[in-house]
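A.B. asks: Shown below is the structure under consideration.
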Amino acid sequence: MFDFSNNSHRRYNPLTKSWVLCSPHRTQRPWQGQQEDDQVETRPQYDPKCYLCPGNKRANGETNPSYDSTFRFPNDFAAVKTDQPALEATEDDDLIKVEGVRGECHVICFSPRHDLTLAEMSVEEVKKVVDIWTTSYEDMKQNSVIQHVQIFENKGAAMGCSNPHPHGQMWCTESVPEEPQKELVALAEYNQKYDGKKCLLCEYAQREMNDPERKRTVLENDTFLVVVPFWAVWPFEVMVLPKVHIGSLPEMNEKQKVDLADAVRRITCRYDNLFKTSFPYSMGIHQKPLHGEFDYAHLHLHYYPPLLRSATVRKFLVGFEMLGEPQRDLTPEQAAARLRELSEVHYKKATN
């Protein structure tokens, strides 16, 4: 009989209409790849040289307020700006196309403390992060240019993060970027297929909750589910899903905001406990665009972490994955089992 834990197979991602090759038998091969020294992080609660710490001067000469919770400010090195000349799209050229992109970029500091991560903060503290994500999304509606808000966090130097102070970013653009656009198309088509009565991610969340073995579920609370998706590409990738249909952050009630904060704290803590390291990842929130009818959009968070075998061995998308299609050795079911068995007491606290 076919063995999903041992035989090669492809899995379909209905959100992006793409495939991933699974080769679970490859986990048995000996590892002779890159090894790196352990990255031991010790940081002070306040760093006078950090441009994100309270009261410090930033690169543009402005001084941060002495904030004591969360803090958002315009990115001093924004990737997109509102005040730029208009550029007409080259629709008549099949090969060389270009269009202007206007927008805003912001930095969101999660905490005034330089030495904390979301995994080490309390649920109450993470709830304040959820609150500022929500108000920031609402604020962007005041700019008629902005159509899409991409909130994300790059954690750790392995993910290109230039400052270890706990923070994320918000890039707001007049067009919907490629990845969320793919998902919106898939969500719309699924909704239309069932005459507007079904949501792709609602159905998927229900499928995972109905699985008697909960093979891909890592954790859950009253209103949120954290799963390693059936089509996951990265070794310990997870998706955070509300159990009922929610289109965007402002649609959550207070209970759901607390539960989202709880889910974020618990999964990031388990990540750190997996290899006893401050686990790097890229996290992004996908939700409704700001303007227009997008009732089929479903709020969810993606976590894409690169670590594969230890704190020092990373997964890279190379070779076949760059030229063919994504491929993974560790199955989503195996990854979820590894994450499920971990404690939710942070390893630093356990050793103190």
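A.B. asks: What is the distance, in nm, between label points placed 7 Å from the Cα along the Cα-to-Cβ direction at LEU95 and at LYS197?
C.D. replies: Simple spin-label model gives 5.0 nm for this pair.
A.B. asks: In Å, what Rg and Dmax follow from the Cα atoms of the stretch 185-326?
C.D. replies: Gyration radius and largest Cα-Cα distance of the stretch 185-326: 16.3, 49 Å.
A.B. asks: Further question on the same structure: Taking a 23 Å limit on the Cα-Cα distance, which of the listed pairs LYS276/LYS315; LYS17/LYS81; LYS57/LYS141; LYS128/LYS155 fall beyond it?
C.D. replies: Working: LYS276/LYS315 17 Å; LYS17/LYS81 32 Å; LYS57/LYS141 29 Å; LYS128/LYS155 19 Å.
Going by Cα-Cα distance, LYS17/LYS81; LYS57/LYS141 fall outside the 23 Å limit.
A.B. asks: Averaged over every viewing direction, what's the projected area of the C-alpha convex hull for the stretch 85-204? Give it in nm², one decimal, please.
C.D. replies: Working: hull surface 47.0 nm².
Value for the stretch 85-204: 11.8 nm².
A.B. asks: Using modelled amide H (1.01 Å from N, peptide plane; none on Pro or chain starts), what sits under 5 Å from the amide H of PHE71, excluding residues fewer than 5 places away?
C.D. replies: CYS109
A.B. asks: Right, here's the next one. Go through PHE71, PHE4, PHE230 and list them by solvent-accessible area, largest first, probe radius 1.4 Å. All intermediate terms of the calculation are to be shown ahead of the outcome.
C.D. replies: On the way: PHE71 30, PHE4 115, PHE230 70 Å².
My answer, sorted largest first, is PHE4, PHE230, PHE71.
A.B. asks: Another question about this same structure. Using a simple spin-label model with points 7 Å from Cα along the Cα→Cβ vector, what separation in nm is obtained for ASN163 and PHE316?
C.D. replies: The two pseudo-label positions are separated by 3.0 nm.
A.B. asks: Further question: How would the chain be classified by its alpha-carbon gyration tensor: rounded, prolate or oblate, with rounded meaning a/c under 1.5 and the a/b versus b/c comparison settling the rest?
C.D. replies: Details: a/c = 1.41, a/b = 1.09, b/c = 1.30.
Here the chain falls in the rounded category.
A.B. asks: If you don't mind, there's one more thing I want to ask. Based on the mean of other Cβ atoms within 10 Å per residue, sort peptides 284-291, 73-80 so the most packed one is first.
C.D. replies: Numbers: 284-291: 20.5, 73-80: 14.1.
Most protected by this proxy first, the peptides run 284-291, 73-80.
A.B. asks: Relative to the present Cα-Cα distance, how much length would full extension add between ASP115 and SER69 at 0.36 nm per residue of separation? It would help to have the intermediate numbers written out before the result.
C.D. replies: Working: separation 46, 0.36 × 46 = 16.56 nm, distance 1.40 nm.
Roughly 15.2 nm would be gained on extension.
A.B. asks: Quote the charge dipole size of the stretch 257-352 about the Cα centre in Debye, to the nearest 20; the model charges only the Cβ of Lys and Arg (+1) and of Asp and Glu (-1). All intermediate terms of the calculation are to be shown ahead of the outcome.
C.D. replies: On the way: 14 positive and 11 negative charges, 116 e Å.
Dipole of the stretch 257-352, to the nearest 20 debye: 560 debye.
A.B. asks: Ordered by residue, what ³J(HN,Hα) values in Hz, to whole numbers, does the stretch 86-100 give under the Karplus form 6.51 cos²θ - 1.76 cosθ + 1.60, where θ = phi - 60° and Gly and Pro are x?
C.D. replies: Couplings: 6, 10, 6, 5, 9, 5, 7, 10, 6, 10, 10, 10, 7, 8, x Hz.
A.B. asks: Going by Cβ distance under 4.7 Å, what cysteines of the chain have no possible disulfide partner?
C.D. replies: CYS22, CYS105, CYS109, CYS161, CYS172, CYS269 - these cysteines have no disulfide-compatible partner (Cβ-Cβ under 4.7 Å) in the chain.
A.B. asks: Starting from the amide H of LEU225, placed 1.01 Å from N in the peptide plane, find each other amide H under 5 Å away whose residue is 5 or more places distant or on another chain.
C.D. replies: Answer set, sorted by chain and number: LEU241, LYS243.
A.B. asks: Give the average over all directions of the projected area of the C-alpha convex hull of the stretch 67-134, one decimal, in nm².
C.D. replies: Spelled out: convex hull of the Cα atoms, projected over all directions, averaged, 7.4 nm².
A.B. asks: I need the phi-derived Karplus couplings for the stretch 299-312: 6.51 cos²θ - 1.76 cosθ + 1.60, θ = phi - 60°, integer Hz, Gly and Pro marked x.
C.D. replies: 3J(HN,Hα) across the stretch 299-312, in whole Hz: 4, 7, 10, 9, 10, 10, x, x, 6, 10, 10, 6, 5, 10.
A.B. asks: Here's another thing I want to ask about it. Contour minus end-to-end for LEU323 and ASN143, with contour as 0.36 nm per residue of separation and end-to-end as the Cα-Cα distance?
C.D. replies: On the way: separation 180, 0.36 × 180 = 64.80 nm, distance 3.96 nm.
The span from LEU323 to ASN143 would gain 60.8 nm if fully extended.
A.B. asks: Would you tell me the accessible area of TRP231, worked out with a 1.4 angstrom probe on the heavy atoms of the protein chains, in Å² to the nearest 10?
C.D. replies: Result for TRP231: roughly 20 Å² accessible.
A.B. asks: Starting from 0.36 nm per residue, how many nanometres of slack lie between ASN253 and ALA78 once their C-alpha separation is accounted for? Before the final figure, lay out the partial values.
C.D. replies: Working: separation 175, 0.36 × 175 = 63.00 nm, distance 3.18 nm.
So the extension gain works out to 59.8 nm.
A.B. asks: What residues of the stretch 288-332 lie in the reach of a label at TRP19, counting those whose backbone N is under 16 Å from a point 7 Å from the Cα along Cα→Cβ?
C.D. replies: 320-328
The values are calculated or read from the model by the stated rules, or taken from the named source; none is laboratory data. Owing to the predicted nature of the structure, the values given are computational and were not obtained by experimental measurement. Reconstructed Cβ throughout: ideal geometry from the backbone, glycine too, with neighbour counts over all protein chains shown. The area values use the complete protein model at the heavy-atom level, side chains included, leaving out ligands, DNA and RNA. Shrake-Rupley method; radii C 1.70, N 1.55, O 1.52, S 1.80 Å.
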